[in-house]
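Some notes on the structure that comes next.
The values are calculated or read from the model by the stated rules, or taken from the named source; none is laboratory data. Because the structure is a prediction, the values reported are computed rather than measured. Cβ: placed from backbone, ideal geometry, glycine included. Neighbour counts: every protein chain shown. Just so you know, the surface numbers come from the protein's heavy atoms only, side chains and all, with ligands and any DNA or RNA stripped out. Shrake-Rupley method; radii C 1.70, N 1.55, O 1.52, S 1.80 Å.
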Amino acid sequence: MLTAGAPPPSAGDSAPIDPARMSDMIRTLASDPFEGRAPGTHGEAVTTDWLIRTFQKLGLEPGGENGGWTQDVPMIRTTPSVSGQMAAETNGQKLSFTQLRDICLSTLLPEDRIRISQAPMVFVGYGVRAPERHWDDYKGTDLKGKVAVFLVNDPDFDAGPSEPVSGRFGGRTMTYYGRWTYKFEEAARRGAIAALIVHDTPGASYPWSTVIAPGGQAYDIARDGSSEKPVPLQGWIEGGAAKALFSQAGLDLAALRVQARSADFRPVTLPSTFLSVDLPVKSERLTSRNVIGKITGTKYPDETVIFGAHWDAFGQQKDAGGRTVIRRGAIDDGSGIAAIAEIARAFRAGPKPDRTVMFAAWTGEERGLLGSSWYVTHPLAPLEKTAANFTIDVLQMAGPARNAFIIGAGQDSLQDMFAAAARTQGRVAEPEAAPERGAFYRADHLPFARAGVPVLAVMDMAGAFDLYDGGREAGKKWLTGYMACYHQACDAWNAGWDLRGAAQDTALVWLSGRQIAFSHSWPTWKPISDIRQRSADRRPE
């Protein structure tokens, strides 16, 4: 029974989005034949063939390369052995690490073995260099041939209100500097031979089980000689193992955490401590695919609005008992794929839009936003004439809600359109409830934002929904249950789901996107946005 208060949602709140169709699509995508939808597997072929058939049935035009439905994305896939040797030695005292228990190492290099011999280890605090925030953790330290050890999140994440760093990086709102991707990129730029992030659940926003869920397997874009090379070895060290490492070196990790929150912090070399690694790696080259359909605009066909979601999940693996486990990715992101299919259906049901509308199913999001990143560097429509990117990544399955969430609030005018659309549903759009998770930097809209394209992301892991049936307590219960299954095998389709809330949110994206598709106006960035880049300056007036 719906709770008292505001009137219950009507069918018009999500029209023409059909919750039952969405559920059917999610059930299909999460079924056994799709094998968890990992790039470069048989499950990919099943998935992309299904997507092409679905786009054809919706009456879309091919939007891929050479008049086809797909865009090739060259990748490498590396799988490290669980039996590799890795240890830190301090003055003859040896601390051995076990892969996937104490440490989770991976590589983005197409090598069959990664060897590191007696590499010095340097604690570099949060690993941030942000001149605009008057912050530099490196202070000119040479990292060539060394192992960089970082803390996760931003320098002010754990700061108390009286500490000088408090609020310097947005407080509990993560900036891009807090993301592990940035930290590894910075380590590579500085010539580090390896980079390790100390895991803690609050700072990372997920438990150690999520870190090790891929088994150390990593994907990357196949790079040419002109690309920046990644750090040869990267990964995470479990919190307890990190404490033991620092203790062996005569250092107090807890005290160093506090020191790292000062702008005066200088890197600390772990005294007489060296890391050695001998890690066999299986390396493969593969070609994955984005699947893209479109509706060509009638007035401004060279201007584009993109709706996107990622088709990939984590595939199959063996459990400790040797049984095959499928990580099905039903909600993450079968729900997003179902949503963009419904949005495409809604566009096809009406007049053709003024601008070209593109529907993209990206590959490799779970492996580092690879498909969307490849598209941004190899666009099939000019980025300077791409008016907006809408990304849907995780929708809630607990029924209609009185509220909606804005990811990365304050970035651009698309968020204002989203909030206005929510009001037409009798809902209130709120800033995400857990900005420390850095959701704005974790999905396929990010490459577009970094290239200057205004973006809107819908990610229903952003907070507890105020549900009509049970209020925020029920919303919190759903979110807690979902996060326990995040990237796990239990993210599977459930007949008991109520997709009316997911349909509401999908309708909000459709309503917002329709305003841009049937216009010649250009969404704008907010002055406070720290992510906008070059193409924003080249947009037509």
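A few notes on this one:
- Per-q log10 I(q)/I(0), the chain, q = 0.07, 0.11, 0.13 Å⁻¹ (Debye; single scatterer per alpha-carbon; no solvent): -0.39, -0.98, -1.35
- Distant-in-sequence amide H partners of Trp69 (H built 1.01 Å from N, under 5 Å): Gly64
- Excluding same-chain neighbours fewer than eight residues apart, the aspartates and glutamates reachable from Lys243 by a Cα-Cα span under 15 Å are Glu89, Asp102, Asp200, Asp252.
- Neighbour net charge for Phe465 - beta-carbon separation under 9 angstrom, K R +1, D E -1: +1
- Of Lys94/Lys318; Lys139/Lys526; Lys294/Lys385; Lys144/Lys183; Lys94/Lys139, pairs whose Cα-Cα distance is over 24 Å: Lys94/Lys318; Lys139/Lys526; Lys94/Lys139
- Apolar share of the accessible surface for region 187-334: 50 percent from carbon plus sulfur atoms, 1.4 Å probe.
- Rounded tilt (10° steps) of 180-189 against the dominant C-alpha axis of the chain: 50
- Amide H partners (placed H, <5 Å) of Arg113, local residues excluded: Val281
- In this rough spin-label picture, where each label sits 7 Å from Cα along the Cβ direction, the Ala495-Lys476 distance is 3.2 nm.
- With the highest mean first, a sort of the peptides 518-525, 38-45 on other beta-carbon atoms found within 10 angstrom per residue produces 38-45, 518-525.
- Karplus (6.51, -1.76, 1.60) ³J(HN,Hα), θ = phi - 60°, over region 427-433, in Hz, Gly and Pro reported as x: 10, 10, 8, 10, x, 3, 7
- Helix 471-484 vs. the chain, principal-axis angle (Cα, 0 to 90°, nearest 10): 50
- Calculated FRET efficiency for the pair Ile528/Cys485, C-beta based, R₀ 30 Å, to 0.05: 0.30
- Accessible surface of region 23-169 [probe 1.4 Å, protein heavy atoms]: carbon and sulfur percent: 46
- Global geometry of region 126-213, whether rounded, prolate or oblate, following the gyration tensor of its Cα atoms and the 1.5 cut on a/c: oblate
- The calculated FRET efficiency for the pair Asn66 and Glu284, based on their C-beta separation and a Förster distance of 22 Å, comes to about 0.30.
- Counted residue by residue at 0.36 nm each, then reduced by the alpha carbon distance between them, the extension gain from His378 to Ser247 reaches 42.4 nm.
- Ordered by 1.4 Å accessible area with all protein chains kept, Arg179, Arg101, Arg355 run largest first as Arg101, Arg179, Arg355.
- Region 354-455 - Rg (one decimal) and Dmax (whole number), Cα, Å: 14.5, 40
- When the helices of the chain are scored as -39500 (n - 2.57) per DSSP H run of n ≥ 4 and the total is divided over every residue, the value at 222 nm lands at -7500 deg cm²/dmol.
- Here region 41-73 is scanned for amide nitrogen atoms under 15 Å from the site 7 Å beyond the Cα of Ala222 along Cα-to-Cβ, giving 41, 71-73.
- Helix 413-424 axis, angle to the chain major axis (alpha carbon atoms, nearest 10°): 50
- Å² of accessible area per residue within the chain, as computed with a 1.4 Å probe and no ligands counted: 38
- Only protein heavy atoms count here; on that basis, with a 1.4 Å probe, His134 has an accessible area of about 150 Å².
- Contour excess over end-to-end distance, with Cα ends at Thr298 and Tyr206 and 0.36 nm allotted per residue: 28.6 nm
- Cut-off 14 Å between beta-carbons: net charge of the residues surrounding Ala15, Lys and Arg +1, Asp and Glu -1: 0
- For Val231, residues with placed amide H under 5 Å, excluding near neighbours: Ala188
- Maximal additional length on extending the Ser96-Thr324 stretch stands at 79.1 nm, based on 0.36 nm per residue less the C-alpha distance.
- Relative contact order (%) - criterion: Cα under 8 Å, at least six apart; region: the chain: 21
- Here the Karplus curve 6.51 cos²θ - 1.76 cosθ + 1.60, taken at θ = phi - 60°, turns the phi angles of region 46-55 into couplings of 4, 5, 5, 4, 5, 4, 4, 4, 5, 5 Hz, with x standing for Gly and Pro.
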